[in-house]
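Undergrad: Got a structure here, written out as structure tokens. Questions coming.
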Amino acid sequence: MQFFRSVSLEEATMRTISVETIKAEFDDVIASLEDNPLRVQKDGRDVAIILSPDLYDFLLTAPPASVNPVIAALFKRRVVERGQVYRALAKYEAEHPESEED
């Protein structure tokens, strides 16, 4: 389904439904999965997420999220520039655990 490739999972609308409603309206519930995943609740608590096979397959094959290359380069540069300071702080904290604040 193209819908899932153009919209992030966070942007997809997820309805909430009770177990009792699923039992009473099973065919309609299954048909509604084409559009969005469905959050299932029992006694007011989330117990499951139901999603279409297309969305499930997409999530299984989607590439893992990656760090923005600019952020990664800046982080790497910062570690190189301040690595000695970071190592000294880590050593100090390891030698003085009682000085850590809560």
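Read-outs: derived from the displayed coordinates by stated rules, not from any lab. Remember, it's a predicted structure, so these values are computed and weren't measured experimentally. Glycine also receives a Cβ, built like all others from the backbone with ideal geometry; neighbour counts cover every protein chain displayed.
Undergrad: Once you put a point 7 Å from the Cα of K76 and another 7 Å from the Cα of L59, both along the Cβ direction, what distance in nm separates them?
TA: 3.3
Undergrad: List the GluC sites (Glu not before Pro) in segment 34-102 that DSSP assigns to loop (not H, G, I, E or B) and whose Cβ has at most 15 other Cβ atoms within 10 Å. Which are they?
TA: E34, E100, E101
Undergrad: For the pair A24 and V85, how long in nm is the line joining their label points, each one 7 Å along Cα→Cβ?
TA: Placing both labels 7 Å along Cα→Cβ, they lie 6.3 nm apart.
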